[in-house]
Amino acid sequence: MGVNIYHRQQDQLTGDEIAFAGDYFRSVKNNNYLVLETNAQTIGWTSQMQQPPYPGQMRQNVFAHIGSGANMVEYWHWHSIHYGQETYWKGVLSHDLGPNRAYAEVSKTAHEIKKIGKKLVNLKKKNEVAILFIHDCNEALNFMPFNGSPGWGESNTNAYRSQLVSQFHRVLYRNNIGVDYIFPEKADFEIYKLVIIPALYIASDELLEKINNYIKNGGHVILQFKSGFCDENSMVRPMMAPGPLREACGFYYQEFSNITGLPLKDNPFEVEENVAKDWMEFLIPETAKALAYYDHPYFSKYPAITINDFGKGTLLYEGTLLSGQIQTKIIKKALERAGISDPDLSISWPLIVKSGKNDPGNSVHFYYNYSSEAKELVYPHPSGKELFSGISVTKGESLKKIKNTSFETTAPRLPA
């Protein structure tokens with residue numbers, strides 16, 4: 001199975017799209033995957049979006065794909081075409097068909113892969129965090145939008161995928177927390193310590209019972225608003241929300257409201273973007289503990305966020321759409337509850353880390369710098385070798401002027 005991954009460039013290059021699609025398709029296939037199309041020079045069906053990559057970005061993108069588990073990266077396309085809809089969707093060669101800056105960088109990267117590719121191919125990952133992704137939720141929330149999305153008969157914005165799921169993934173990615181996707185058809189909750197569940201608007205009783213059992217047996221869940229509301233046929237359950245999840249959540253509710261934006265009372269997470277928006281549920285706790293309330297003259301008695309001990313595990317519920325800064329604090333705290341640790345968790349954006357095991361069973365660690373300034377970090381893994389240069393590195397060594405690099409350790413990765 002292959003995938004096309006296009007993304008922004010220049011100062012807007014973040015690697016978000018590469019990581020999102022890579023994690024998703026690696027999880028769907030449960031194996032390594034192929035990138036069949038990606039940016040060469042510029043993209044766009046007009047000449048209004050022409051952003052040729054900065055020097056080094058094409059190379060960085062190739063190794064970002066490989067770090068996510070890609071076994072092949074190829075471009076659309078070899079040379080730019082001279083007429084038609086994709087005149088400005090440029091290939092490796094420009095319209096003059098001659099060698100150029102992009103060609104030189106592709107050639108350099110190809111020679112590096114020829115040299116070290118056997119150490120990078122078939123990269124395998126073992127993550128402790130998963131996101132539950134359900135296509136039916138995406139479709140149902142397109143049909144019944146909860147925010148400013150278009151209404152019936154209009155083009156949708158895929159808010160579930162593009163706003164909810166992507167926010168969770170972006171927080172994980174930018175804080176170097178490895179993640180897989182799981183799906184209702186084969187929801188292997190038990191192999192993960194933390195499962196993040198975006199708005200579970202559509203779900204069968206069987207799936208909800210799996211979630212309940214996972215938490216009872218010691219799993220930790222972050223669950224978002226609208227969950228448990230409808231069955232697999234998009235029929236609202238004729239029972240108190242959140243339906244079969246009520247005991248695990250530790251609350252019930254009967255009302256909900258659209259909101260344009262409300263602060264959380266007393267800024268409990270101590271962030272600049274102390275805001276909830278789009279949706280709120282009037283949660284009434286039974287066994288759940290409130291972690292945050294709305295700052296509102298009438299609705300301040302209703303929690304915005306709750307946490308509930310259920311069996312051996314915990315369920316944290318978000319009754320509203322939270323800012324990315326609040327989401328970051330919530331996820332980091334959830335990692336602590338779940339007992340998830342990694343030496344690379346001390347590193348965060350704009351330094352990105354991806355890791356995995358190669359065919360010989362050695363750990364490979366990729367370090368990417370998404371800023372235009374050289375950065376410095378302390379290498380936190382067992383002794384290894386920098387693959388591009390062949391230089392040995394030791395644990396605790398300061399790595400200066402990091403742009404983009406990768407290391408292979410012959411010792412097993414430190415246990416979590």
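Could you grab the pairs with beta carbons closer than 8 Å, sequence gap of 6+ or different chains, first residue in the range 57-72 and at negative phi, second one of a type in the set (Lys, Arg) and assigned to a helix (DSSP H, G or I)?
Arg59/Lys108; Ser68/Arg26
For residues in the range 202-223 being surrounded by 24 or more Cβ atoms within 10 Å (Cβ to Cβ) and under 19 Å from Asp136 (Cα atoms), which is nearest to the chain's Cα centre (by Cα)?
Here the residue is Leu223.
If you go through the range 261-281 one residue at a time, how many are crowded, with 17+ Cβ neighbours inside 10 Å, over 25 Å from the mean Cα position of the chain (by Cα) and either over 21 Å from Gln163 (Cβ atoms) or of a type in the set (D, E, K, R) (or both)?
So the count comes out to 1.
From the list Ile66, Ile5, which one is buried (at least 17 other Cβ atoms within 10 Å of the Cβ), under 29 Å from Gly178 (Cα atoms), of a type outside the set (Gly, Ala, Ser) and in contact with a Leu (Cβ under 8 Å, 6 or more places away or on another chain)?
Checking each option against the conditions leaves just Ile66.
Taking the condition small (Gly, Ala, Ser), outside the structural domain of Val221 (by TED's automatic domain parsing), touching a residue at least 60 places away in the same chain (Cβ under 8 Å) and under 30 Å from Ile116 (Cα atoms), does Ser355 pass?
Spelling it out, Ser355 is indeed small (Gly, Ala, Ser), outside the structural domain of Val221 (by TED's automatic domain parsing), touching a residue at least 60 places away in the same chain (Cβ under 8 Å) and under 30 Å from Ile116 (Cα atoms).
Residues checked against (1) under 17 Å from Ser68 (Cβ atoms); (2) among the aromatic types (Phe, Trp, Tyr); (3) free of Cβ contacts under 8 Å to residues at least 24 places away in the same chain; (4) touching a Lys or Arg at 6+ places or on another chain (Cβ under 9 Å):
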| residue | (1), (2), (3), (4) |
| --- | --- |
| Lys114 | no, no, yes, no |
| Leu123 | yes, no, no, yes |
| Leu132 | no, no, no, no |
| Asn142 | no, no, yes, no |
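If Phe146 satisfies every condition in (1) buried (at least 20 other Cβ atoms within 10 Å of the Cβ); (2) not small (Gly, Ala, Ser); (3) not in a helix (DSSP H, G or I) but one, which is the exception?
Just one mismatch for Phe146, condition (1).
List every residue pair whose Cβ atoms sit under 7 Å apart, with the two residues 6 or more apart in sequence or on different chains, where the first one lies in the range 95-109 and is surrounded by 12 or more Cβ atoms within 10 Å (Cβ to Cβ) and the second, anywhere, is of a type in the set (D, E, K, R).
Cβ pairs passing all conditions: Glu105/Arg59; Lys108/Arg59; Thr109/Arg59.
To keep it simple, each residue is scored yes or no on (1) under 22 Å from Ala21 (Cα atoms); (2) outside the structural domain of Ile113 (by TED's automatic domain parsing); (3) assigned to a loop (DSSP other than H, G, I, E, B); (4) not aromatic (Phe, Trp, Tyr).
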position: Glu37; (1), (2), (3), (4): yes, no, no, yes
position: Gln41; (1), (2), (3), (4): yes, no, yes, yes
position: Ser47; (1), (2), (3), (4): no, no, yes, yes
position: Gln51; (1), (2), (3), (4): yes, no, yes, yes
position: Met58; (1), (2), (3), (4): yes, no, no, yes
position: Gln85; (1), (2), (3), (4): no, no, yes, yes
position: Tyr88; (1), (2), (3), (4): no, no, yes, no
position: His95; (1), (2), (3), (4): no, no, yes, yes
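Tell me the residue from Tyr294, Tyr298 that is among the hydroxyl-bearing types (Ser, Thr, Tyr) and loosely packed, with under 13 Cβ neighbours inside 10 Å, please. Can you show your working first?
On the way: Tyr294 fails: loosely packed, with under 13 Cβ neighbours inside 10 Å.
On inspection, the qualifying residue turns out to be Tyr298.
Would you tally the residues in the range 90-111 being of a type in the set (Asp, Glu) and closer than 22 Å to Trp45 by Cα?
Residues in the range 90-111 being of a type in the set (Asp, Glu) and closer than 22 Å to Trp45 by Cα: 1 in total.
The values are calculated or read from the model by the stated rules, or taken from the named source; none is laboratory data. Nothing here was measured: the structure is a model prediction, and the numbers come from that model. Counting neighbours? That spans all protein chains shown, and the Cβs are built from the backbone with ideal geometry, glycine included.
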